[in-house]
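Below you'll find the structure, written out as structure tokens, and then a few comments.
The values are calculated or read from the model by the stated rules, or taken from the named source; none is laboratory data. Everything numeric in this text was worked out from a predicted model, so none of it was measured. We place every Cβ from the backbone using ideal geometry, glycine too, and count neighbours over all the protein chains shown.
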Amino acid sequence: MIQVQSSSNTTLRAYKHEHAVDDPESVATMVNMAIRNSTERRKLGFFSCGTGNPIDDCWRCDRNWERNRKRLANCAIGFGRSAIGGRDGKYYVVSNPNDDDPVNPRPGTLRHAVIQDRPLWIVFRRSMVITLKQELIMNSFKTIDARGHSVHIANGACITIQYVTNIIIHGLNIHDCKRTGNAMVRSSPSHYGWRTMADGDGISIFGSSHIWIDHNSLSKCTDGLIDAIMGSTAITISNNYFTHHNEVTKRVDLRTHRWRHWNWRSEGDLMLNGAYFTSSGAGAAASYARASSLGAKSSSLVGSLTSHSGVLLCRIGRQC
């Protein structure tokens, strides 16, 4: 256990999560290898629709993706590669966009789906805009899969992943998230309780593990777009599209003398609209040399590199 003294002179306790990775360099090597292998297979013509993106090449070539939705659970790479979400459960179809009662949600609503105690693969009957009255508190072993429809969580509270495991979120538009709280909210069929004010994050990951956030579009949240704090680990955040925000990879719980020795580098980036990056550490360190093998691309390629990021246009019977 580590104790950190905050600026308000209160002591925060941070725990090393049981699922924490002891050798992160090995995971980075695995990701690099997966990308290289997928790129080589594309060059050799093994995929008719291959992109060189190992996550997308795992499932997007399938015209019957709608009937094989759970195949997605086998496609993650990186730290969150073991996240299975609701793969081993039944499908739950969200048919009602309302969020009338955060304590007693109606069957057919997204809130009713995510609080269940059993694994569920959650899909949507149609396109919808869901405005949450209070934060959406997820239970373990859930997949939210919005492929095939335009689903927005907007103009209200957003998603909280707190002290749970095995979550997959795919294909959501999450934007204009507001601060909410000081209210009762249900987190499982058998429990509801008082929630203090939420910050207004798009997705808040708190003390959780085996999380995969893929192909979502997030913007204009009161606080962060995605926060991962309090020992959260085994997380992959991939293929998402972030706009209208002002903090990326910011550490807020440690003072300069702690992080100034960490090896953080900006290479080939184009800083616009007042953006900046604070480098730290020693560039010649062995860990930085290994990271350099990934080969940073020029900022001029951002458009092409991100052309398939965010929510995908998926139509039933066609490749996504």
Kindly list the number of the only condition in (1) touching a residue at least 40 places away in the same chain (Cβ under 8 Å); (2) among the hydroxyl-bearing types (Ser, Thr, Tyr); (3) out of contact with any Lys or Arg (no Cβ under 8 Å at 6 or more places or on another chain) that fails for Thr143. (3)
Between a first residue in the range 167-191 that is not assigned by TED's automatic domain parsing to the domain that holds Thr236 and a second residue that is among the aliphatic types (A, V, I, L, M) and surrounded by fewer than 24 Cβ atoms within 10 Å (Cβ to Cβ), which pairs have beta carbons less than 9 Å apart while being 6 or more apart in sequence or on different chains? none
Would a scan of the range 210-219 turn up a residue that is at pLDDT 95 or above, within 29 Å of Val103 (Cα to Cα) and outside any strand (DSSP E or B)? yes
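Which of the following residues is more than 19 Å from Ile229 (Cα to Cα), out of contact with any strand residue (DSSP E or B) (no Cβ under 9 Å at 6 or more places or on another chain) and not β-branched (Val, Ile, Thr): His152, His191? Even if it seems obvious, please write down each step before you answer.
Numbers: His152 fails: out of contact with any strand residue (DSSP E or B) (no Cβ under 9 Å at 6 or more places or on another chain).
After ruling out the rest, the residue left standing is His191.
Do the conditions hold for Pro102, that is, is it assigned to a loop (DSSP other than H, G, I, E, B), at negative phi, over 18 Å from the mean Cα position of the chain (by Cα) and free of Cβ contacts under 8 Å to residues at least 24 places away in the same chain? Don't jump to the end; show me each part of the working.
Details: assigned to a loop (DSSP other than H, G, I, E, B): yes; at negative phi: yes; over 18 Å from the mean Cα position of the chain (by Cα): yes; free of Cβ contacts under 8 Å to residues at least 24 places away in the same chain: no.
It is false that Pro102 is assigned to a loop (DSSP other than H, G, I, E, B), at negative phi, over 18 Å from the mean Cα position of the chain (by Cα) and free of Cβ contacts under 8 Å to residues at least 24 places away in the same chain.
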Working only within the range 232-258, note down all residues that are part of a loop (DSSP other than H, G, I, E, B) and modelled with pLDDT of 85 or more. Ser232, Asn239, Asn240, His244, His245
Which condition number does Ala234 fail, the rest of (1) in contact with a Phe, Trp or Tyr (Cβ under 8 Å, 6 or more places away or on another chain); (2) over 28 Å from Arg147 (Cα atoms) being met? (2)
Inside the range 131-187, can you point out the residues that are in contact with an Asp or Glu (Cβ under 6 Å, 6 or more places away or on another chain) and among the hydrophobic types (A, V, I, L, M, F, W, C)? Leu132, Ala154, Ala157
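Scanning for something farther than 29 Å from Asp117 by Cβ, touching a Cys at 6+ places or on another chain (Cβ under 7 Å) and among the basic types (Lys, Arg), does the range 59-76 turn up at least one residue?
Yes, the range 59-76 contains a residue that is farther than 29 Å from Asp117 by Cβ, touching a Cys at 6+ places or on another chain (Cβ under 7 Å) and among the basic types (Lys, Arg).
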